[in-house]
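Take a look at the structure below.
Read-outs throughout are calculated quantities, based only on the coordinates presented, and are distinct from any laboratory measurement. All of these numbers come straight from a predicted model, not from anything done at the bench. Reconstructed Cβ throughout: ideal geometry from the backbone, glycine too, with neighbour counts over all protein chains shown.
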């Protein structure tokens, strides 16, 4: 991109990076910052982009109002227990084996999603629908005060987690299973990422609605507590915790996020400490994320892992831990990992395989967080450049970037 275009966008972008803004915190929503956006929408002082994002949010939320609530009971493939309350999914990058008559055991094709793993026969698609629905509906309720949205979001939460006939049991023993392999896979715990990302926030946003009661919160907190117990005490959970890539990072994010929400500060500090220590293995001396670079979607997974790690850093800050400035004995840090990506934001070609091409969208949340916690303007400048690139892409395609839309509404950026 020409430098004059970048500077032009820097002049029109104002980033809300004070301590009172939402800043894409995964939990404990800062309602002061969120309320600022809401007030501007309703008094007409918000930017046209913010108003457009709000209108788009309501349209998305409307699409969820009349759908049947997702439930694990709707799958047609039974888990090994024969109990449909047990969550079941099939790992997306695995395919029937062309070398065997029955296609078993399936074989892995990294980065290539097998559409047969994403059908309604298993639960992954429904979990995604529930999470996205609850997220959109709870935000729509907050901004609009329309109880229809709160009623539906509450209903979806109760169906998935609480109702006796439809609830999911609090474990992921059969998540990301692979036909032909009988043992559970620790990588399936990644499926629970959306639960940790969305549910605590939704409960904050729904707390003033009569459709979600204190008793509902107590029941869901019990479910989340049982889920943390399974994560931390099960064999699969312990194995996932030891993974030195994005899987290990997102495991620690889940445990830290839900631990913080439920008031377990020692557990949060344990996860943040482990995440800090993991930088020694995850990064090389240049800041390359060595495990993610081996993937066929190397840029995507480099951003994906940083999203988890900086999310953990946000949580750490709320219990007095400063992961933002933490360095290993060899000088490895979050900042070093992002600095390695800087030349590619500036136009240098990505030298590793990414079969879907380089997309900077996944890097935006990390840059927003680092911009807030850095003493220099370096990451603020990178954030400006990256948003400018995405805005240019929007103009070319005519499609709004979902990441930018979400961050605008949550008060992290204002374009």
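Before moving on, here are some points about what is shown:
- Once Rg and the Kirkwood radius are both taken over the C-alpha atoms of the range 47-242, their ratio Rg/Rh works out to 1.02.
- Between residue 51 and residue 349, the modelled label-to-label distance comes to 4.5 nm, taking each label 7 Å out from Cα in the direction of the beta carbon.
- Legend: calculated FRET efficiency, residue 113 to residue 273, from the Cβ-Cβ distance at R0 = 35 Å, rounded to 0.05, equals 0.50.
- Packing, as the average of other Cβ atoms within 10 Å across residues, places the peptides 226-233, 212-219 in the order 226-233, 212-219, highest first.
- Sorted by Cβ density within 10 Å, fewest first, the residues 99, 405, 292: 99, 405, 292
- Helix-only CD estimate at 222 nm, as mean residue ellipticity for the chain, using -39500 (n - 2.57) per DSSP H run (n ≥ 4): -17000 deg cm²/dmol
- For 36, 126, 369, 108, the sequence from fewest to most other C-beta atoms within 10 Å is 108, 36, 126, 369.
- Note on residue 221 and residue 265: their simple-model spin labels are 1.7 nm apart, each label 7 Å out from Cα toward Cβ.
- Sorted ascending by nearby beta carbons within 10 Å, beginning with the fewest, 86, 163 become 163, 86.
- Using 0.36 nm per residue and subtracting the Cα-Cα separation, the extra length available between residue 146 and residue 378 on full extension is 79.4 nm.
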